Structures are given as C-alpha cells and as structure tokens.
Amino acid sequence: MLKSGGVTEVMEEHLIYKEVYAGIVTFNPNLKALEDNILSVYNQVNEIVIVDNASENVDRISEVIKQFSKIILIKNHENRGIACALNQLMNFGEINQYSYMLTLDQDSKCPSDYIQEMLPFFKIDKRIAVVAPVIKDVNIGVVGHAPSPYGFVKTCITSGSVVSIEAWKEIGGYDELLFIDSVDFDFCYRLRKAKYLILQTDRKYLIHEIGNGEVKKIFCWKVNVTNHSPFRKYYISRNNIYYPLKNRMYFRFFRGIIRDIWLIFIVLFYEECKVSKIKNIIKGMHDAFVIGKENNEN
C-alpha cells in the first residue's frame with residue numbers, strides 16, 4: 001500500500017491496460033463521490049483525464065487530484081457542455097496514441113477488474129466501437145437493456161462505456177450543439193449509420209445515479225421521477241425532439257414530443273420547482289423546432 005497525501009492508493013496486483021485511459025467530465029461534483037470514482041478505476045487504466053466545466057469547487061477538485069500521480073485536469077473557463085468535454089477528452093487520447101477511452105460521469109463507480117472484463121469484447125468483431133456495461137441506478141435499479149452475457153444494442157449511455165478513438169474520429173466526434181442530453185444516443189446512432197456496432201454486456205454492472213431518481217406509481221404504472229434541475233429539463237426536452245429531427249428519425253421525433261408532454265405531467269404531479277421546470281420544458285420544445293428549421297435551411 002502506498003499513501004499519498006492522505007489517500008491510500010491500492011497498489012495490489014491489477015492489470016493496467018496501457019492502451020486505455022479514463023475520461024471524466026466534472027461540473028460541481030460531490031468531492032467524496034469523485035474521489036471514490038477515481039479510486040475505483042485508478043489501478044485499471046494507464047492514466048485519468050478530467051475535464052472540468054467551470055465548477056464552483058474547481059480548486060477543491062484540484063486538491064483531490066493532487067493526491068494521485070497519474071491524473072491530468074483540464075479546466076474550462078465556462079460550462080461548455082458534456083459533448084464538448086467528451087471531444088476534449090477524446091482529442092487527448094488521439095494525440096497521445098491511445099486506442100480506447102473509458103468514459104465516466106463524475107459520480108460513477110467501477111467494479112474491480114472492470115477493464116479486464118470489458119476490453120476483450122472488442123475482439124469479437126472489428127466493427128465494435130463501444131463496449132458498454134449494464135447500468136444500475138442507485139435509486140431505481142437496472143436501467144434499460146441487460147443482455148446476458150452480451151448483445152448488440154442500438155444505444156447506450158456514455159458513463160462506463162469503453163469507446164474506440166478510431167471510431168469516434170471517423171464519425172466526427174460528439175455533437176456539441178446537443179450540449180448535455182441525448183449526446184450519447186446521437187453518438188450511437190451515427191456510429192451505427194457508419195456500420196459500427198455497440199456491444200453491451202452484463203459481465204460488469206456500473207453503479208450510477210441518474211438525477212435524484214425515485215420510483216413513483218401512477219395507477220398501476222411505475223414511473224421514474226428524475227428530479228433534474230430546470231436547467232437540465234430544458235436540454236432534456238429540447239433534445240428529445242431535436243436529436244431525432246436532425247437525424248430524420250420521424251417515429252422517434254413524434255415519440256420525443258410525447259415524452260416531453262409526459263415530462264410535464266411528471267413534474268406537475270411529483271417534482272418541486274414546477275413553474276420553472278415546466279417553462280423550461282416548453283422553451284426546450286420550442287427551441288428544438290427553431291434549431292431544426294435553421295439546420296434544414298443550411
């Protein structure tokens with residue numbers, strides 16, 4: 001065991017994969033959760049790169065990472081969004097000749113031997129661009145697909161995914177106009193359009209927290225209430241419509257409208273700050289059509 005600045009770095013025998021690094025995007029993170037995140041993956045990857053989107057506690061983030069020897073912090077002077085930060089992280093990997101990046105949210109936590117389990121799946125087919133885990137939310141349980149032992153899926157969320165830098169580069173990176181929400185879904189869609197594959201496996205679960213989620217009941221239906229901020233509600237509602245509209249996915253476009261209407265009902269019945277959240281949802285829906293129209297004209 002090696003102690004460095006008060007944090008114990010576990011130096012047990014772990015396989016550290018030189019072709020893989022971890023990328024974390026931060027914005028006002030819980031420092032204990034961030035530290036736990038770092039510790040969970042520190043001895044599995046060659047290095048960790050953090051892009052901070054102008055957090056109010058960025059100085060304290062700097063103090064946390066000073067305790068570790070192989071972490072790089074890139075500071076943005078404004079919140080440039082998840083998509084831009086992911087592109088910054090992937091650019092780092094390309095410049096430094098990495099093959100893969102493990103993408104992590106600030107509050108994610110990897111199990112031990114995570115990379116050791118995930119990386120071999122790339123050998124199944126050279127077209128595989130992403131290997132993703134099953135996501136287990138701390139509040140609502142398993143989220144989305146849970147193929148066993150693995151399966152090819154249409155979409156996966158960013159956190160916990162091991163992404164091919166070559167594939168990222170070929171499709172032009174993440175769409176920075178999306179800013180936050182649906183960034184991962186758009187990325188997956190464009191990968192599949194370019195004939196790449198997305199593999200998901202239940203060999204490892206990733207512990208994750210989506211908003212401040214809780215499960216409620218409407219009659220006999222279970223409803224996931226995320227309690228996202230008004231700021232996030234804007235991008236969720238906007239990109240529910242804009243992302244399928246830009247990709248001419250018309251069924252998903254209509255489904256996005258229905259989702260936004262449903263989102264209003266959930267806020268109305270179960271969430272706080274109802275007025276500001278509903279205003280932002282409606283504004284997001286409006287802006288999706290405006291941006292979509294501008295893109296079509298260009």
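Observations on the model:
- Computed extension length for Met249-Phe231: 3.9 nm, one decimal, from 0.36 nm per residue of separation with the Cα-Cα distance subtracted.
- A Cβ-based charge dipole, computed about the Cα centre of region 243-298 with Lys and Arg at +1 and Asp and Glu at -1, lands at about 140 debye.
- A Cα-only calculation for region 149-298 places Rg and Dmax at 16.5, 48 Å.
- Stokes-Einstein, applied to the Kirkwood radius of the chain over Cα pairs at a viscosity of 0.692 mPa s and 37 °C, places its translational diffusion at 164 µm² s⁻¹.
- Positive-end extreme of charge dipole, the chain - chosen from Ala194, His77, Ala167 (charges on Cβ): Ala194
- With Rh defined as the Kirkwood radius, the inverse of the mean 1/r over Cα pairs, the Rg/Rh of region 214-297 is 1.02.
- In region 40-81, GluC sites (Glu not before Pro) in a DSSP loop with at most 11 other beta-carbon atoms within 10 Å: Glu56, Glu78
- Student exercise, region 2-208 dipole from Lys, Arg, Asp, Glu Cβ charges, in Debye to nearest 20: 580
- Three-way shape call for region 91-139 based on the alpha-carbon gyration tensor, with the a/c threshold at 1.5: oblate
- With 20 Å as the limit, the listed pairs Lys222/Lys279; Lys246/Lys283; Lys136/Lys283; Lys233/Lys279; Lys136/Lys274 have Lys222/Lys279; Lys136/Lys283; Lys136/Lys274 beyond it between alpha carbons.
- Largest GNM mean-square fluctuation among Asp125, Asp184, Asp202, using the chain with Cα springs under 10 Å: Asp125.
- Estimated FRET transfer efficiency (Asp36, Phe152; beta-carbon r; R0 30 Å; 0.05): 0.45
- Helix content alone sets the calculated 222 nm mean residue ellipticity of the chain: runs of n ≥ 4 DSSP H residues at -39500 (n - 2.57) each, divided across all residues, give -12500 deg cm²/dmol.
- Above-threshold pairs, the threshold being 21 Å between Cα atoms, out of Lys126/Lys154; Lys109/Lys193; Lys154/Lys195; Lys169/Lys193: Lys109/Lys193
Laboratory data are not the source of any read-out in this text; all were calculated from the coordinates shown. These figures come from a predicted structure and were not determined experimentally. Cβ atoms come from the backbone with ideal geometry, glycine included; neighbour counts cover every protein chain shown.
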